[in-house]
Amino acid sequence: MALSGSSIVSIDDISKGDLDELFELADRICARPGFGTRLASGVVAATLFYEPSTRTRLSFESAMLRLGGGNISVADVRSSSVTKGETLADTVRVVSGYADLIVLRHPDDGAARLAAEYATVPVINAGDGGHEHPTQTLCDLYTLRAQHGHIQGLTVALCGDLSHGRTIHSLIFALARLGANMVFVPGDGKDVPDHVVRRLRRDFGAVVQKREMGELRVLFGEAVSAEEKVFVDAIYMTPTEQNQLALLPEVRIAMDAKSGMAIYVTRLQKERDHQTSDDGLMVRRYPRVSKALLAHSNFKDVSILHPLPRVNEISTDMDDDPRGLYFKQSAYGVPIRMALLCKMLNLEDSQDLHRGWQPLRSAIPIRPSMFLVASPDFACTNDNCITRHEAPRNRAYYELIRDDVAVARLRCAFCDVESDFAVAGNTASRTYFGQRQLHRMRKPVAPQHLRFFKTEQDALDAGFRAPRRPVSAAQRHGESRRLEAVQT
Ligand code: NCD
């Protein structure tokens, strides 16, 4: 019952074991119409959507109704106190008094984590800006599993707006965790954010290769001429042997569709991208799928997925093609969300597990295992991060990460975007050190004594000064050890 009573703000919050349990329960739900029609009797979910939605909201509400529970909602946030300037923090605290669970969609990256900090009932992230959409990933994985029988070793081509697509970001980390290989086929300028690729390497041991597209070039139709070479990133998951494989240039990711590849297509997220014109015409090459493009027998066994809504990335002639799974994928939204609600609200074993009306429950702690440094002077560099618009409970906080000894960055705990800092200050000694000179800190610094600044001047303005002692070789040597000490 690992999911019981906790919030789901990222796909990271759902373990491999939870996924297996959810899929197994969704199988049982699909096999038994009328499953658990009274399980959630007396339970109320609040669907709080600050952005448009069809599938996510209706499938959550349908799931709750099918389990015998009820839903409350604001028809349009413009009709709520948000227009009077109410913060998200206040809104979720209020709604926590009315419902047992909040399903939240919001335009800001990291909004779900901020809501989970304040809500006193579990929060489910139904899409926060361009950041994550973990329950869509449950539908995606469930569909892939039903179609291909396995996810480990499957190759999934992720196509379209890989920059701003929140379904893409959650899916990438789930596929990496489950050992699927990926090929990134972005529209022009819509590449996967750097911090996502860095994390794939750092946390999942992914090998990233530049590969010529091969037969996948059909996805670009006439936008690519026969002579033009187009390179894409192929992500190879080798959980046990990544280091050895990285050294072997001949190791190649199977990019051939013949062996049963999945093609996951997404629309251009023009509402999150201020550089793209309304009709998306500024994107010269954007991957699309149609019966004609996939006519070659090599594509016989591919599956086509899309979180929907589609705009024109998948032609309607694919709709009655058995390879097109996207309507099935959206229909799976109900059983998989019923399974999720059962696990989160602990509804499975008893009809009497509803925890009753307790308006003064305390907030639910989030991701406690993460090493976090609070740095009130440091603003996340992502303009769309919720922390740029609303102060979180403990002020913005970050995970101090390091890709190699020299480069340390701050990863925002809300939106996951990594920011560079110029200097780090020690509040105990009031001295500051360059980002590459953290070895000069005399002793490992306790996290609560660290402050990060984007410029040296910011540190000076905040009353920190440069250290006086010159750097010795021995101190330089100690750099990695000190950073490690700071990180543990
Ligand atoms: C997606 C979303 O809202 O992120 N839709 C969904 O939830 N099924 C995809 C999109 O809007 O493009």
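Overview of results
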read-out: V74, sole failed condition from (1) away from the ligand (no atom under 14 Å from the Cβ); (2) in contact with a Phe, Trp or Tyr (Cβ under 9 Å, 6 or more places away or on another chain); (3) at pLDDT 95 or above; value: (3)
read-out: Verdict on L58 being assigned to a helix (DSSP H, G or I), free of Cβ contacts under 8 Å to residues at least 60 places away in the same chain, within 16 Å of the ligand (Cβ to nearest atom) and over 25 Å from R93 (Cβ atoms); value: yes
read-out: Among residues of region 37-52, those that are within 16 Å of the ligand (Cβ to nearest atom) and more than 10 Å from N71 (Cα to Cα), counted; value: 5
read-out: Counted residues, region 228-272 - those being part of a loop (DSSP other than H, G, I, E, B), over 26 Å from the mean Cα position of the chain (by Cα) and either modelled with pLDDT under 90 or of a type in the set (K, R) (or both); value: 8
read-out: Hits in region 61-70 (condition: closer than 23 Å to L88 by Cβ and surrounded by 22 or more Cβ atoms within 10 Å (Cβ to Cβ)); value: M64
read-out: Answer from P376, P365, P309, P359 - the residue that is assigned to a loop (DSSP other than H, G, I, E, B), at pLDDT 95 or above and on the phi < 0 side of the Ramachandran plot; value: P309
read-out: Qualifying strands (runs of 3 or more DSSP E) (wholly inside region 113-223; at least 3 residues being within 16 Å of the ligand (Cβ to nearest atom) and closer than 30 Å to D100 by Cβ); value: 123-128
read-out: Complete set of residues in region 289-320 that are surrounded by 15 or more Cβ atoms within 10 Å (Cβ to Cβ), within 21 Å of R55 (Cβ to Cβ) and of a type outside the set (V, I, T); value: S303, L305, H306, P307, L308, R310, E313, S315, M318
read-out: Condition broken by D317, with the remaining ones in (1) more than 24 Å from the chain's Cα centre (by Cα); (2) of a type outside the set (F, W, Y); (3) farther than 16 Å from L144 by Cα; (4) part of a loop (DSSP other than H, G, I, E, B) satisfied; value: (4)
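Matching residues to (1) under 16 Å from the mean Cα position of the chain (by Cα); (2) at pLDDT 95 or above; (3) not aliphatic (A, V, I, L, M):
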{"position": "Q152", "(1), (2), (3)": "no, no, yes"}
{"position": "G165", "(1), (2), (3)": "yes, yes, yes"}
{"position": "I168", "(1), (2), (3)": "yes, yes, no"}
{"position": "G179", "(1), (2), (3)": "no, no, yes"}
{"position": "H195", "(1), (2), (3)": "yes, yes, yes"}
{"position": "D203", "(1), (2), (3)": "yes, no, yes"}
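The values are calculated or read from the model by the stated rules, or taken from the named source; none is laboratory data. All values reported here derive from a predicted model rather than from experimental measurement. Note that each Cβ is placed from the backbone with ideal geometry, even for glycine, and that neighbours are counted across all protein chains shown.
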